[in-house]
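Asks: This is the structure, below, for whatever I ask next.
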Amino acid sequence: MWTIREHTSLSRALKKVPVQIREKYEVWKDIVRHSGPQGLARIRGFNDEALKGEWAGWRSSSLSQAYRVIYRIEQSELEVLVERVSKHDYQKG
């Protein structure tokens, strides 16, 4: 079983996204909790991928055409750190 740790600002950000995105994020979390990030790879719709450049070491999963969840895998603790759920925007800051 994997643990999901969310950035402190995530709950505020989730209030601003459409309901269907929040629901899809909950499905995403259930998959990660039970199957880990490997479970995401088995589901094409998430388009899970490693990021490059200033986001090297992080991953992105699609929640819709516009919205993404950005996260990092902490293998030693079977933990996933979710940085943000936002429109397709990879600007750090």
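Laboratory data are not the source of any read-out in this text; all were calculated from the coordinates shown. Because the structure is a prediction, the values reported are computed rather than measured. Methodologically, a virtual Cβ is constructed for each residue, glycine included, from the backbone with ideal geometry; neighbour enumeration extends over all protein chains shown.
Asks: I need the full set of residues from the range 32-67 which are touching a Leu at 6+ places or on another chain (Cβ under 8 Å) and within 15 Å of Val85 (Cβ to Cβ), in order please.
Replies: Passing the criteria: Val32, Phe46, Asp48, Trp58, Arg59, Ser60, Ser61.
Asks: Among (1) farther than 14 Å from Ser86 by Cα; (2) loosely packed, with under 15 Cβ neighbours inside 10 Å, where does Lys15 come up short?
Replies: (1)
Asks: Answer yes if at least one residue in the range 74-81 is within 10 Å of the chain's Cα centre (by Cα) and in contact (Cβ under 8 Å) with a residue 40 or more places away in the chain, and no otherwise.
Replies: Checked the range 74-81: at least one residue is within 10 Å of the chain's Cα centre (by Cα) and in contact (Cβ under 8 Å) with a residue 40 or more places away in the chain.
Asks: From the list Ile21, Ile70, which residue is in contact (Cβ under 8 Å) with a residue 60 or more places away in the chain and closer than 21 Å to Lys87 by Cβ?
Replies: Of the residues listed, the single one that is in contact (Cβ under 8 Å) with a residue 60 or more places away in the chain and closer than 21 Å to Lys87 by Cβ is Ile21.
Asks: Let me ask you something else. Can you spot a residue in the range 36-58 that is touching a strand residue (DSSP E or B) at 6+ places or on another chain (Cβ under 8 Å), among the charged types (D, E, K, R) and either surrounded by fewer than 12 Cβ atoms within 10 Å (Cβ to Cβ) or without any contact (Cβ under 8 Å) to a residue 24 or more places away in the chain (or both)?
Replies: Checking the range 36-58: at least one residue is touching a strand residue (DSSP E or B) at 6+ places or on another chain (Cβ under 8 Å), among the charged types (D, E, K, R) and either surrounded by fewer than 12 Cβ atoms within 10 Å (Cβ to Cβ) or without any contact (Cβ under 8 Å) to a residue 24 or more places away in the chain (or both).
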